[in-house]
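Notes for the one structure printed next.
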Amino acid sequence: MELAAADAGGLRIDWARMPTYNTVMALCAGAGLLLVVALGRLLLTDRAVVPDAWAMGFGALGVILFATGLHMTLTWPLAGQGFAFDNVVFGEPALGFGVLLLFAAFFLWRRGEVLGAAGGARGRTVAALAAPVSVLVFGLGLACFGIAAAGWRYTLFAAPPEEPISGEFADHPMLEASFISALYVLTGVGAVLFPVVLWRRGGPAAWVAGACWALAGLAFLLFGALNYFTHIGLIVNTL
């Protein structure tokens, strides 16, 4: 398996064969999780919702995640120098999340007025509408557990020494592998609890799911933003 060409100057990567845009994917996935938590809080606390605003928010993120996730999923392997697992680890979850966000945006744009009902009526409406798609959310949660297990088992996600900041921990590959895997676990816990949240229309499961998605969303958002520096540095250092 060819990872890169190494010479006296250190690691060299043929970036023409290594498309890398999990930066924007992580950023948008994090923002999407945070928006889902925020909307869920509004619904559970019976606060007003402006459907058009949420449709724009979900739609913007959904377009990016759908486009990048679809390309990464269907282009096999996207990274032709030893990172074929990226298609599964990043591409497929982004595609699934992007589709969910796009359909949520379309519904909020076309039928968002149904969320105007007060009290228990709105909760029952949301639960009934989201029940079928909760099967996919549950399945994606299980997939996140599988990705996390693979990250720990095969020490994925470790950065090379040439990558700024993250590369400082290259001698401890389990550190970054554990960090990213933990984010997938948090995301997975929130996803598998989603059907329970709908069934109970709130309760402790909603708080646990919301906390998991909020923590994972914030971490993905910040880590994706940080990677704009670290990935640019890696590209410069390995040309």
Report summary line: Rh (Kirkwood, all Cα-Cα pairs) for the stretch 18-238, Å, reads 18.1
Query raised in the report: Under a point-charge model restricted to the Cβ atoms of Lys and Arg (+1) and Asp and Glu (-1), what is the dipole moment magnitude of the chain relative to its Cα centre, in debye to the nearest 20?
Result: 1220
Report summary line: By Cβ neighbour count within 10 Å, fewest first, H231, H172 rank H172, H231
Requested in this report: Kindly put W54, W76, W213 in sequence by how many other C-beta atoms sit within 10 Å of each C-beta, fewest to most.
Outcome: W76, W54, W213
Report summary line: Here, the stretch 58-168 modelled as identical Cα point scatterers in vacuum has Debye log10 I(q)/I(0) at q = 0.18 Å⁻¹ of -1.00
**Report entry** Computed E for T20/W152 - FRET, C-beta separation, R0 30 angstrom, nearest 0.05
**Finding:** 0.85
Query raised in the report: Of G233, P160, A48, which is farthest along the charge dipole of the chain in the positive direction, counting Lys and Arg as +1 and Asp and Glu as -1 at C-beta?
Result: A48
Report task. Along Cα→Cβ, 7 Å out, is where each label goes; now give me the distance between the ones at M56 and V236 in nm to one decimal. Result -> 3.5
Report task. Report the residues of the stretch 32-62 in range of a label on A121: point 7 Å along Cα→C-beta, backbone N strictly under 20 Å from it. Result -> 42-52
Report task. Starting from the Cα-Cα distance between H172 and H71, subtract it from 0.36 nm times their residue separation and give me the gain in nm to one decimal. Result -> 33.2 nm
**Report entry** Percentage of interatomic Cα-Cα distances in the stretch 1-125 larger than 27 Å
**Finding:** 36
Query raised in the report: Given G203, H71, V189, which one lies farthest toward the positive end of the charge dipole of the chain, if we put +1 on the Cβ of every Lys and Arg and -1 on the Cβ of every Asp and Glu?
Result: G203
Report summary line: Rounded to the nearest 500, the 222 nm mean residue ellipticity computed for the chain from DSSP H runs (n ≥ 4, each -39500 (n - 2.57)) alone is -23500 deg cm²/dmol
Requested in this report: May I ask you to evaluate 6.51 cos²θ - 1.76 cosθ + 1.60, the Karplus curve with θ = phi - 60°, for each residue of the stretch 191-197 and list the ³J(HN,Hα) values in order in whole Hz, giving x for glycine and proline?
Outcome: 5, 6, 7, 4, x, 5, 4
Requested in this report: Report, please, the projected area of the stretch 111-239 averaged over directions, based on the convex hull of its C-alpha atoms, in nm².
Outcome: 9.9
Report summary line: For the chain the mean separation of alpha carbon contacts under 8 Å (6+ apart) over residue count, i.e. relative contact order in percent, is 26
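Just so you know, all these numbers are worked out from the coordinates, no wet-lab data involved. Since we're looking at a predicted model, the values are computed, not measured. Every residue, glycine as well, gets a Cβ built from its backbone with ideal geometry; the counts of neighbours run over all protein chains shown.
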